[in-house]
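Peer 1: Quick one: the structure is below, and I'll ask about it shortly.
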């Protein structure tokens, strides 16, 4: 922002004057926790402070409100989750409440609350920011999606990579549901607005119970109508605009979220958990992995006859328009970096062509092999815990080409927004005059 200088890479999770070297030399068992901030003591040394201690008053108030909500909850699973989540806010121990959230099956109202995503921590990618979201389940759409979660272990076996990078078995208790989201707060209401949720992030919970994939249908439809379709009218070759379809966009996003559960969670090189091994690069590499595996899954399921309403061509062209949409978020955002790498890889492999008038055309004969090759590269980065390799690749390829930059300027002059803004709260919901 003008007049403020650049945002610290560590946001406000670490002292602004702390170097990476100082942090890495510091011996503290809680320093890499997702739920601690780092501060300087009076003598200048570093200390870890748990979130529930640093933000004691705010979290006590939030916990009390969750307990009041639990008293009103009619669904037993939701009631249990809200009570456990209230306790978790006061202890920074989220395991039991994450497991309870996974066990909820019959609730219509859902809620996500707590310190969850680590995108703000660009120094190491360890620390999570608080957010909340209130959602209403679309039961008709959810029934259509339930079929796919049981297929995860089998799909894991056929990932396009070396077998050693797919040796873990993903939980098959994963839920795949559609929701309308009615309220966002905290980190979920900054910058680019999410169109799907894949949680919990705790690898222990994922291995035990899988994860829940929440497709935010109303937000997705708004972005498709107001942003993706207008982008396609400007930048996709006229002969392929017929392939831009909401069902393809919905499927690509849905299986992006499913794909976060694929691959492996722990490196095969003894470097431990992938999130720890590749540090601040984790978000960009993981988003790129989920993105390309999502497209791989969609086209695989189309070939198997499991997805019948769209063609592989629909999936590829809509994905291309979606890449351009996400690239506009920029190099400071994990999804933007992920899509820049993918666009540059596809260009190298001639999976698309750019015409002299600045429109993009997918080469249907070359893109399937490019998808498989790109997926294998990302799964290897994660499986090896290859921090240096991933860093070098991201630096070289997580950039916008001059031609794409000029094309993105055309979108700006066409007044196509980068993202949507929410009108929300009790008045927007019609609950208060």
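The values are calculated or read from the model by the stated rules, or taken from the named source; none is laboratory data. From a predicted model like this one, the values you see are computed outputs, not experimental measurements. Note that we place each Cβ from the backbone using ideal geometry, even for glycine, and neighbour counts take in every protein chain shown.
Peer 1: Can you say whether residue 372 is more than 15 Å from residue 323 (Cα to Cα) and not in a helix (DSSP H, G or I), as far as the supplied structure shows? Break it down stepwise before answering.
Peer 2: Details: more than 15 Å from residue 323 (Cα to Cα): yes; not in a helix (DSSP H, G or I): no.
Against the criterion (more than 15 Å from residue 323 (Cα to Cα) and not in a helix (DSSP H, G or I)), residue 372 does not qualify.
Peer 1: Sticking with this structure for a sec: Just one of the numbered conditions (1) more than 25 Å from the chain's Cα centre (by Cα); (2) closer than 28 Å to residue 189 by Cβ; (3) modelled with pLDDT under 85 is not true of residue 335; which one?
Peer 2: The failed condition is (1).
Peer 1: Select the helices (runs of 4 or more DSSP H) contained entirely in segment 51-98, then report the ones holding at least 1 residues which are without any contact (Cβ under 8 Å) to a residue 40 or more places away in the chain, in contact with a helix residue (DSSP H, G or I) (Cβ under 8 Å, 6 or more places away or on another chain) and in the same structural domain as residue 201 (by TED's automatic domain parsing).
Peer 2: Output list is empty.
Peer 1: What residue, of 349, 380, 405, 361, is free of Cβ contacts under 8 Å to residues at least 12 places away in the same chain and assigned by TED's automatic domain parsing to the domain that holds residue 285? Before the answer, list the steps.
Peer 2: Working: 349 fails: free of Cβ contacts under 8 Å to residues at least 12 places away in the same chain; 380 fails: free of Cβ contacts under 8 Å to residues at least 12 places away in the same chain; 361 fails: free of Cβ contacts under 8 Å to residues at least 12 places away in the same chain.
Selected residue: 405, the only one of 349, 380, 405, 361 that is free of Cβ contacts under 8 Å to residues at least 12 places away in the same chain and assigned by TED's automatic domain parsing to the domain that holds residue 285.
Peer 1: Can you go through 56, 29, 25 and tell me which one is loosely packed, with under 14 Cβ neighbours inside 10 Å and in contact with a strand residue (DSSP E or B) (Cβ under 9 Å, 6 or more places away or on another chain)? Lay out the reasoning, then the answer.
Peer 2: Details: 56 fails: in contact with a strand residue (DSSP E or B) (Cβ under 9 Å, 6 or more places away or on another chain); 25 fails: in contact with a strand residue (DSSP E or B) (Cβ under 9 Å, 6 or more places away or on another chain).
Criteria check complete, one pass: 29.
Peer 1: Looking only at segment 246-257, count how many residues are surrounded by 19 or more Cβ atoms within 10 Å (Cβ to Cβ) and farther than 27 Å from residue 388 by Cα. Explain how you work it out, then say what you get.
Peer 2: Applying the first criterion (surrounded by 19 or more Cβ atoms within 10 Å (Cβ to Cβ)) to segment 246-257 yields 248-257.
If we keep only those that are farther than 27 Å from residue 388 by Cα too, we end up with 248-255.
So the count comes out to 8.
Peer 1: Now a separate question. Quick one: in segment 21-46, which of the residues that are in contact with a helix residue (DSSP H, G or I) (Cβ under 9 Å, 6 or more places away or on another chain) and not in a loop (DSSP other than H, G, I, E, B) is farthest from residue 119 (Cα to Cα)?
Peer 2: 46
Conditions (1) part of a helix (DSSP H, G or I); (2) at pLDDT 90 or above; (3) not assigned by TED's automatic domain parsing to the domain that holds residue 259, marked per residue:
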| position | (1), (2), (3) |
| --- | --- |
| 102 | yes, yes, yes |
| 112 | no, yes, no |
| 134 | no, yes, no |
| 188 | yes, yes, no |
